[in-house]
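Working notes, structure below.
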Amino acid sequence: MEPLSEKNNQLREKLTRENRKYYENLLLYLRIKGKDELVTEAVLLEILQDMLEAQANGRSAQQYFGADPKVAADELVTEINGAKQANLKENLSLNVFIFCLITLLAFTHTEINVIAYMIEIVGMVILLNITLTLLATDAFKRVSWRSYLGVGVAFMVYVGVLLLSDYFTPKTLIYPLGPATLWGIGALFVIYLVLYFKWNDHFSSGLFYIGALAFAATLVHLPLTGNIFQTLWGQVSLLVMLALILTVKAFKFKK
Amino acid sequence: MNNSQLLKGTLEGCVLLVISQQEVYGYELVTKLQHLGFFDLSAGTVYPLLQKLERQGYLESQLRASNEGPKRKYYHLTASGQRQIQNFITDWQQLTATVTAVIEQTGGSKDGAIERKK
């Protein structure tokens, strides 16, 4: 079954430029604030279909939906979020989970520094929260330079955390990791990911994350690239690249 | 007093009443309400209300095939919604009777004039 978001993408092409701009602001805001992805997409599609009919009858999106879409959007968010308790944190947790999986499998660690790893996870959650909050703030206007700067600063702080966490955390909770353990845990995580995305009807989106995992693991283990990505700077570069990809993925709501 | 504030309080009941006549989708509902007298009504007010009424069990929705693209969501009234309409009509009749009495007793009239007591 075609995901609702893809149906939305196809139908949106039929809006005029001005109406599309109006609608996409609404779409971005609801996708960020709506805690139930399925309900949010259903509501967005419903509004889009009606907006297209209004357009066909000579009414602009603003004339049809109202001059102040944020008020309506906030009321919709209240209703959508009241419908189900699944929330944005679940999506953020999933990103963090995937990040953990990728780092665990991608690197040939012989040991894991639990405290440093936890700090990196918290850093990732904060980075994603900041990104999504800034996107929501700018939903009904042009993304401001302050928002870009905010995300940029947060990202740089996060990279700093990545670089320094191993050096400045106490070396108390360090555990060995053998290859069999790594691949066993990795296999379980991949099965979980596949099932998660199938249950939530977003299998095509899930392929992105599984693809990122496979790509990172391949880079580390291929003879040609393994020598680069198994060094400290190689590992940090890969981590930074993955963090950047996940942050940019948060902007997927624009598409 | 702002007329839109008065109308907003009654919109929920009016939406249920319109849907009780016929199953509708969002655009149809907005258009019908505007023709009935909610001239300044925008769709942005209606969609959250539809979500709320569905969540409360007064409405149910169903996807129906559409000639233009994906299926469309149609709303129909539930038994619970029918009871809610009865409650709304009772409350509205009581309210209008009370307000009419207040207007008459304070010297108001249908044309909005107020007779000040000497």
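The values are calculated or read from the model by the stated rules, or taken from the named source; none is laboratory data. Keep in mind it's a predicted model, so treat the numbers as computed, not measured. Using ideal geometry, Cβ is built from the backbone for each residue, glycine included, and neighbour counts are taken over all protein chains shown. Just so you know, the surface numbers come from the protein's heavy atoms only, side chains and all, with ligands and any DNA or RNA stripped out. Shrake-Rupley method; radii C 1.70, N 1.55, O 1.52, S 1.80 Å.
For A:GLU13, are the conditions met, namely being facing another protein chain (nearest Cβ under 8 Å) and at pLDDT 90 or above?
So A:GLU13 does not fit the description; no.
Only one of these is facing another protein chain (nearest Cβ under 10 Å), under 28 Å from A:PRO69 (Cβ atoms) and surrounded by 14 or more Cβ atoms within 10 Å (Cβ to Cβ): B:LEU63, B:LEU17, B:LEU53. Name it.
B:LEU53
I need the full set of residues from segment B:20-42 which are more than 14 Å from chain A (Cβ to nearest Cβ) and touching a Gly at 6+ places or on another chain (Cβ under 9 Å), in order please.
Listed by number, the list holds a single entry, B:SER20.
If a residue counts only when it is at pLDDT 65 or above and either hydrophobic (A, V, I, L, M, F, W, C) or surrounded by 14 or more Cβ atoms within 10 Å (Cβ to Cβ) (or both), which helices (runs of 4 or more DSSP H) contained entirely in segment A:83-175 have at least 3 such residues?
Ranges flagged: A:114-137, A:145-168.
Does B:THR45 meet the test of being within 14 Å of another protein chain (Cβ to nearest Cβ) and assigned to a helix (DSSP H, G or I)?
Spelling it out, B:THR45 is indeed within 14 Å of another protein chain (Cβ to nearest Cβ) and assigned to a helix (DSSP H, G or I).
So A:PRO69 clears everything in (1) under 16 Å from the mean Cα position of the chain (by Cα); (2) modelled with pLDDT of 90 or more except one condition, right? Which one?
(1)
If you check every pair at least six apart or on different chains, which have Cβ atoms under 9 Å apart with a residue in segment B:48-74 that is touching a residue at least 60 places away in the same chain (Cβ under 8 Å) first and a residue that is open to solvent by 50 Å² or more (accessible area, probe 1.4 Å) second?
No pair meets every condition.
Restricting to segment A:33-42, what's the tally of residues that are at the interface with chain B (Cβ under 9 Å from one of its Cβ atoms) and open to solvent by less than 10 Å² (accessible area, probe 1.4 Å)?
Residues meeting the conditions: 0.
Which is assigned to a helix (DSSP H, G or I), among the hydrophobic types (A, V, I, L, M, F, W, C), within 9 Å of chain B (Cβ to nearest Cβ) and open to solvent by less than 70 Å² (accessible area, probe 1.4 Å), of A:LEU45, A:LEU30?
Result: A:LEU45 is the single residue among A:LEU45, A:LEU30 that is assigned to a helix (DSSP H, G or I), among the hydrophobic types (A, V, I, L, M, F, W, C), within 9 Å of chain B (Cβ to nearest Cβ) and open to solvent by less than 70 Å² (accessible area, probe 1.4 Å).
So in segment A:63-82, with the set limited to residues that are among the acidic types (Asp, Glu) and assigned to a helix (DSSP H, G or I), which one is farthest from the other protein chains (Cβ to nearest Cβ)?
Looking at residues that are among the acidic types (Asp, Glu) and assigned to a helix (DSSP H, G or I), I get A:ASP74.
Name the residues in segment A:27-46 that are of a type outside the set (Lys, Arg) and touching a residue at least 60 places away in the same chain (Cβ under 8 Å), would you?
Those that are of a type outside the set (Lys, Arg) and touching a residue at least 60 places away in the same chain (Cβ under 8 Å): A:LEU27, A:LEU28, A:TYR29, A:ILE32, A:GLU37, A:LEU38.
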